[in-house]
Amino acid sequence: MIAMARDAEQARRRDRRAERATERAGPEPQAGDRDDDIVFELREVSVRLGQVEALSGVDLVVRSGERVAIIGPSGAGKTTLISLLNGTTAATRGEVRALGCPYGRASARHIRATQRRIGTIHQRFDVVAQLRTVHNVNAGRLGAWPFWKAALSLLLPRDVPRVREALAQVGIRDKLHERTGDLSGGEQQRVAIARVLVQQPEAILADEPVASLDPTRGLEIMKLLLDISAESETALLASLHDVDMALDKFERVVGLRDGRIVFDKRRENLHDDEVRALYAIEQPPGSA
Amino acid sequence: MTVSLRALDGVEETSAPAPAGRSGGSRRSRQRWLWALAAVAVTGASLVAAGVGERDVLRAEGIPAFVEFFRAAGAPRLDGEFLALTGTAALTTLAYAVLGTALSLVIGIVGGVLTSQTWWSLGRRARGKRGTVSWMLARTVLVVPRGIHEVVWGLIFLIVFGLDPIVAVLAIGIPFGAVTAKVFSELLDETARQPYSALLAGGASRSSAMIYGLLPPALSDLLSYGFYRFECAIRSAAVLGLVGAGGLGFQLSLSFQSLHYDEIWTLLYALIALSVAADFWSSRVRARRSARADGTQRTGRGADPVLVGSGVLGLALIVLSVWWIGLDLAVLWSGETWEHTRRLLGDAWPPSLAGDGLSGLVWLSAVTLAISILAMVIGFCGAALFAFPAANLPRGSYHTRRHVLSRAARLVLFAASRLVLVVLRAIPPPVWALLFLFVLYPGILPGALALGVYTVGVLGRLMAESAENLDVRPLRALRAHGASAAQVFCYGVVPAATPRFAAYGLYRWEVTIRETVVVGVVGAGGLGYALAQQLSGFDYGAALTTLATLILLTLAVDFISAAVRRTVR
């Protein structure tokens, strides 16, 4: 009985998925539309955090070199989506694959090896204020270093030329030995980006990377991320509060609301109405 | 003191949530009445056990000696020879405290990481259960070293190593390390986890992510706690001297035996000077640190000279201490040590009962409990009495302008009560116990008085600090309604302070039951006295039983105290 019910449920879900696919006429097939350049793949993923369904039935495919913006009102599930992709949150249902690694089934070693190839940048920078910049940048290589090297580096910084190069790339060459907490917000975010740079990732995830910066600094940081992504053909997936920035700078935009993907389109096919509807405040039931 | 207060708050937070709603409230107030009744009952029982009103407790012939002792306070022995001896002894005590604290920090960091929830929580559900089990296991391992007082550790290590400086270092380092580990694990769990999880998300291993993401922010808190422990370590090092480990305590015991009160006071003044210096240093460091943490740190870039200087001085002190006491770690793995350890463990297992059997053990436990309860009653009442005069209450907020004379009187009262509190807690409990043994027959009372008087000093300062931190807004509102200062005190200050005082008192009770050993060792009775006797009589099997009973007793007190704290909160 139970098996039959489950089959029926699966069939229903398949139908729904097909419907949704036709509805939204997702991203156009690209030149190299093969499976081996898929960076992230989500199939029917739901995440339940306590009593809240943070994401429900999300399908998403991101290919290498793509630059994707995720927009949506607060609480739409943007942060959960990002943490799903770097393997820090587990899916309650469905499958998440990053760089071919199925997080739900893979061994801890395999997951760590995959996480090493994905760089993440956070809204709150998440750099360690008490450490000097050089250590915060080197923290990007912890996955590749054995413990003794990591510990030694705190006393005698290792691989300084590489750190210097990364800092030069993000435009704060002279801050190598400063205490990170003494830097300004924009500079701290640059340190976080430099940390991702030395990690040499195959995909970059950015969770509201500019939300705590003023518009001008934010734009600079965003340009920096886009340049890095373009130069190294790295996939970039960023959640953004700033809709205009998303529409201006990204070729693909995903709209998220109440844990569901509302649209997933190339920029040129996206209407202003759709964006407005995404952020519309829901009328309470019963009011005219 | 801030760190220990936070640790106390942490203990409270982990307790079960209070039952909500009206019925829960009335149940809690009923429970509170029951606890109060129970407190009165056990106090009465303890007094009966102490023989008050039944037996002759006072030794009239000892009173002149008691008076003479305090008269000698004004005339300590100050000739060059004895001062040199005092200085040497003080340096030895300082060296023990420094090295013991250093060892406790090492144990605290490693143990703290291993007992933090952050270390074991891996985020993924599949491994969650295993993490919880490992966490519980690590916590349990640390309970035993924490439950054994440093004096008991000292007695045990004296058997293993003989008269070696390592005895004091290990005896301080191990129990302090276990406490530090507990506090540090709580610090780690309170530290913002985002940088750590960000590194884990980048594929870093747990240990690497820990030293980059979590230790640096928590380390300064830990060091400031280490400085606070250093204050305590100086007192412990002196007390350890009394059981034979050398330093000020050893000289104190020699002078006590020869009844040279002037020498005792010279040594006590040295100890007080040492504690006050450590107190000053540690409070300077902690004030600097909290100023930085409050966001006023933008005053200067880079490192703080006081903090860096303290760190350098600390390292220098460690090196000098090793040289001064001639610490030789080779004794740890020498054949003789192994032989002694083997014999000690072989004799101790299986544990046995002392001559008077199980009933004797139960009686000793009851005596120990009675000592701790009476000590707490004395300590709590005395501290509550001294706390308000000794507190620098937020003035002007609800006091009206008063006459110059009354303000001067208030100031004198303030200074006098502070001074009394300082003296009470500067004299270590075993010295108090030796003093009370002049005028009282051995038994429950001298131990209880010694611990009680010392507790007044410690608890009084804690209570004064908490009275200073009371919320002044309700007091100002009462004042605005036209209440007099006395009425504000009764209706505003006392109700607000009572639950906090009760919580501190209960917390202190947990410390006091452990300290009963200290006064027991010098002859005041209870399990501590029995333990010292059994150890010096090579009856290790019985000593193990006594020790296990003592640990169970402390755990029981911890449990009761936590339960009562939940209802008074």
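Of note:
- Extent of chain A along its three principal axes (Cα atoms, max minus min coordinate, largest first): 63, 45, 42 Å.
- For residue A:223, the lysines whose Cα falls under 24 Å of its own Cα, not counting residues fewer than eight places away in the same chain, are A:78, A:175, A:249, A:265.
- From the Kirkwood radius over Cα pairs of chain B, Stokes-Einstein at 10 °C and 1.306 mPa s returns a whole-number translational diffusion coefficient of 62 µm²/s.
- For the range A:193-219 and the range A:136-184, distance of Cα centres in Å: 16 Å
- The mean count of C-beta atoms from other chains within 10 Å of the C-beta of residues in B:241-251, rounded to a whole number, is 0.
- Exposure proxy order (Cβ contacts within 10 Å, fewest to most) of B:152, B:420, B:110: B:110, B:420, B:152
- Most positive-pole-ward Cα, A:226, A:215, A:150, against dipole of the range A:38-279 from beta carbon charges: A:150
- Neighbour-count ranking [beta-carbon atoms within 10 angstrom, fewest first] of A:228, A:261: A:228, A:261
- Mean separation of Cα pairs under 8 Å and 6 or more residues apart, divided by the residue count, gives chain B a relative contact order of 20 percent.
- Neighbourhood charge, 14 Å Cβ-Cβ cut-off, centred on residue B:261 and excluding it, Lys, Arg +1 and Asp, Glu -1: -1
- GluC sites (Glu not before Pro) within the range A:117-225: DSSP coil, no more than 13 neighbouring Cβ in 10 Å: none
- For the range A:38-279, a crude dipole built from +1 on the beta carbon of Lys and Arg and -1 on the beta carbon of Asp and Glu, taken about the Cα centre, is about 1060 debye to the nearest 20.
- Spatial separation of Cα centroids for the range B:454-492 and the range B:531-545, in angstrom: 48 Å
- J(HN,Hα) series, the range B:317-325, from Karplus relation 6.51 cos²θ - 1.76 cosθ + 1.60, nearest Hz, glycine and proline x: 4, 4, 4, 4, 5, 4, 5, 5, 8
- Ranked by the mean number of other Cβ atoms within 10 Å of their residues, highest first, the peptides B:221-227, B:526-532 fall in the order B:526-532, B:221-227.
- Footprinting exposure proxy ranking of B:88, A:80, B:546, fewest other C-beta atoms within 10 angstrom first, gives B:88, A:80, B:546.
- Value of relative contact order over chain A, rounded to a whole percent, pairs C-alpha under 8 Å and six or more apart: 25 percent
Every number here is computed from the coordinates shown, using simple stated rules; none is lab data. Bear in mind that the values here come from a model prediction, so they are computed numbers and not experimental data. Positions of Cβ are backbone-derived with ideal geometry, glycine not excepted, and every protein chain shown enters the neighbour counts.
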